[in-house]
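Every read-out reported here was derived from the displayed coordinates using simple, explicitly stated rules and does not represent laboratory data. These figures come from a predicted structure and were not determined experimentally. So basically every Cβ, Gly included, is an ideal-geometry build from the backbone, and we count neighbours across all protein chains shown.
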Amino acid sequence: LIRSFTGIFRTVRNASNMAFQLKRVLISDSLDPCCAKILESNGIAVDTNTKLTKEQLVAEIPKYDGLIVRSATKVTAAVIEAATNLKIIGRAGTGVDNIDLNASSKKGVIVMNTPSGNTLSAAEHTCAMICAMSRNIPQAHMSMKSGKWDRKAFMGSELYGKTLGIIGLGRIGKEVALRMQSFGMTTIGFDPIIPASVSAEFNTEWMTLDKLWPLADYITVHTPLIPQTKGLLNDETFGKCKKGVHVLNIARGGIIDEDALARALKSGQCGGAALDVFVEEPPTNRDLVDHPNLVATPHLGASTAEAQKRVAEEIGQQFVDLVQGKRLEGG
Ligand code: NAD
Ligand code: MLT
């Protein structure tokens, strides 16, 4: 699970032969306390400071040989260059896009993540968003909270018999497929790495994107944000979809082009969208966020007590395993 990033993750070395000493670790994002407990009970000192500015992090980092983050801390080249003792950066979560992997590779700093600890939470959040969209639950809730009783404005549509297109059939994509099939949805999908024989095991027909676009009533993306997936849904691909298609992005901001989405919502080509992630977080594109057919959450996919405990425990244990020279299992 020691990884570097070159568009896709790849294993760079086997940690089991490396002698590792970690004296002091900084936790700079809000994490379940079990992570600090695991480290401390194995003789590693821990400081938790979730309020550091960029400049303060650069000033503080030389004191530490380990750093643990979620997504709020941006581990930029400036931070890594200032880190005279840093050996390892841990991401309690999946995406490592807030860590400058080129800078860490150059400096020989190991980057590790916990890719499966929040899979179920992110999949459940996606399913909840599909349900919320199909029955206008957030809009109806807001209407009732404002004192109204409007039964006409919120006509929904059943999921039963509809087709869900899943782009990215990895950990989360697969769990979404399995759950939405219980609503009677047909699941189809595309992934350049997962073959049709594997997606067939979870009842999902693999097909090319050109075949998928016109068939799907709902499209959900579960890929990393890489050059090949940036703007995957754009003016051209929205044009290939069914009129009124519903789209979701619980993965990374920018996989669905936000300006193209705003245009598609305006024209009705897109009948509804659900976003948990944004190009800028918090988002500045209020036209998009305020659109009545857009359901939005502030990057909550992994925000459950269970997922946060799992990722905190996993990253703490991975640090300890490294110190103890144990073999690390990749996820
Ligand atoms: P994963 O690595 O298990 O699956 C990603 C899949 O995307 C892989 O199978 C890969 O082959 C596929 N892929 C790569 N390029 C593609 C392309 N061009 N077209 C189609 N598929 C492509 O990852 P995962 O754990 O399922 O996570 C998926 C995404 O969700 C990541 O971006 C992750 O950071 C994000 N995530 C978000 C939250 C949240 O809080 N919203 C929580 C967890 C994960
Ligand atoms: C992830 O990549 O794990 C998610 O975005 C959740 C998080 O920010 O922790």
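Highest-first packing order for the peptide set 166-178, 239-251 is 166-178, 239-251, based on the mean count of other beta carbon atoms within 10 Å. Value of Rg to Rh for the chain, rounded to two decimals, is 1.01; Kirkwood radius and Rg both from alpha-carbon coordinates. Under the criterion of Cα pairs below 8 Å and six or more residues apart, the relative contact order for region 5-158 equals 16 percent. What would the Debye formula give as log10 I(q)/I(0) at q = 0.11, 0.22 Å⁻¹ for the alpha-carbon point model of region 204-328, no solvent? Here the Debye-derived log intensity ratios amount to -0.47, -1.24.
Percent relative contact order of the chain, based on C-alpha pairs within less than 8 angstrom and at least six residues apart?
20 percent.
Pull out a ≥ b ≥ c, the square roots of the eigenvalues of the alpha-carbon gyration tensor of region 38-170, then state rounded if a/c is under 1.5, prolate if not and a/b is larger than b/c, and oblate in the remaining case. Provide the component values of the computation, followed by the final result.
Details: a/c = 3.09, a/b = 2.32, b/c = 1.33.
Verdict is prolate for region 38-170.
In the chain, helical runs assigned H by DSSP with n ≥ 4 each contribute -39500 (n - 2.57); averaged across all residues and rounded to the nearest 500, the mean residue ellipticity at 222 nm is -9500 deg cm²/dmol.
Do any GluC sites (Glu not before Pro) in region 239-330 lie in a loop, going by DSSP, with at most 10 other beta-carbon atoms within 10 Å of their beta carbon, and if so which? Numbers along the way, then the final one.
Numbers: sites: E258, E280, E306, E313, E314, E329; in loops: E280, E329.
Within region 239-330, the qualifying GluC sites (Glu not before Pro) (loop, at most 10 other Cβ atoms within 10 Å) are E280, E329.
Counting only other residues whose beta carbon sits under 10 Å from that of I44, what net charge do I get with K and R as +1, D and E as -1? If you can, show how the numbers build up before the last one.
Values: positive: K23, R24; negative: E40, D65.
The answer is 0.
If R0 is taken as 22 Å, the Cβ-Cβ distance between N234 and D150 corresponds to a FRET efficiency of 0.05.
Shape of region 107-201 from its Cα gyration tensor (a ≥ b ≥ c, root eigenvalues): rounded if a/c is under 1.5, otherwise prolate when a/b > b/c, or oblate? It is oblate, given that a/c is not under 1.5 and a/b is not larger than b/c. Distance from the Cα centroid of region 207-241 to that of region 248-300 is 15 Å (rounded to whole angstrom). Along region 220-228 the Karplus relation, 6.51 cos²θ - 1.76 cosθ + 1.60 evaluated at θ = phi - 60°, assigns HN-Hα couplings of 10, 9, 9, 10, x, 8, 9, x, 6 Hz to successive residues, with x for each Gly and Pro.
Of K37/K74; K74/K174; K107/K174, which pairs sit farther than 32 Å apart, going by alpha carbon to alpha carbon? Among K37/K74; K74/K174; K107/K174, the Cα-Cα distance tops 32 Å for K107/K174. Count Lys and Arg as plus one, Asp and Glu as minus one, and take only other residues whose Cβ is under 12 Å from that of T186; the net charge is then -1.
Have a look at the DSSP beta bridges in the chain and tell me what percent are antiparallel, nearest 5. Write down the numbers at each step before the final one.
Working: 4 of 45 bridges.
Percent antiparallel among DSSP bridges in the chain is about 10.
Residue order for C34, C270, fewest other beta carbons within 10 angstrom first, comes to C34, C270. The tail of the calculated P(r) for region 49-121 beyond 15 Å holds 50 percent of all Cα-Cα pairs. Each other residue within a Cβ distance under 12 Å of I219 adds +1 if Lys or Arg and -1 if Asp or Glu, for a net charge of +2. Residue by residue, region 30-38 carries 3J(HN,Hα) couplings of 5, 9, 4, x, 5, 5, 4, 4, 4 Hz when phi is fed to the Karplus relation 6.51 cos²θ - 1.76 cosθ + 1.60 (θ = phi - 60°); x denotes Gly or Pro.
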